[in-house]
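These notes are about the structure you will find just below.
Every read-out reported here was derived from the displayed coordinates using simple, explicitly stated rules and does not represent laboratory data. Remember, it's a predicted structure, so these values are computed and weren't measured experimentally.
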Amino acid sequence: MVQIAVKCPKCESINVGKHGFGKKGKARYKCNNTECSTTTFQLEYHNNGCKPGIEADIIRNVANSGGVRDTARSLKVSKYKVSSVLKKQNQS
C-alpha cells in the first residue's frame, strides 16, 4: 500500500485529513491547522481554471505581451477565465 504525503497548499502543513470527494470524483482534503485560511482543497482538478495560482500565471503571461487567446491556449484555460481575471485586476 502506497501513501501519499498531502500538504496544505497555503500553510504547507501536513496536518490534513480527507474530506470526501468533489463533483467530478476527485478526492478533497481539509487542512486541520486552525491558523490556516484554507478550508478544503484538491490535489487534482478537472478544470485547470480552478487550480491554485492560475490567476497569477495568467497575469504574468499577459504582462509578458501574451494575448488573451494565446494565454488561454498555453495555460489550457478558457478565454473567459483569462478575461475575468484581467477585469478583476483592473478593478483593484
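What is the Cα radius of gyration of the range 1-44 over 2.2 N^0.38 Å, N being its residue count?
Numbers: Rg = 10.4 Å, N = 44, 2.2 N^0.38 = 9.3 Å.
Against the empirical 2.2 N^0.38 Å value, I get 1.12 for the range 1-44.
Tabulate in residue order the Karplus-calculated ³J(HN,Hα) for the range 56-61, using 6.51 cos²θ - 1.76 cosθ + 1.60 with θ = phi - 60°, rounded to whole Hz; enter x for Gly and Pro.
With the stated coefficients, the range 56-61 comes to 5, 5, 5, 5, 5, 5 Hz.
Give me the extension gain from residue 78 to residue 11: residue separation times 0.36 nm, minus the current Cα-Cα distance, reported in nm with one decimal. Don't jump to the answer; show the numbers that get you there.
Numbers: separation 67, 0.36 × 67 = 24.12 nm, distance 2.87 nm.
Working it through step by step, the gained length comes to 21.2 nm.
Let me know the volume per residue of the alpha-carbon convex hull for the chain, in Å³.
On the way: hull volume 12.5 nm³, N = 92.
For the chain, the hull spanned by Cα atoms encloses 136 Å³ per residue.
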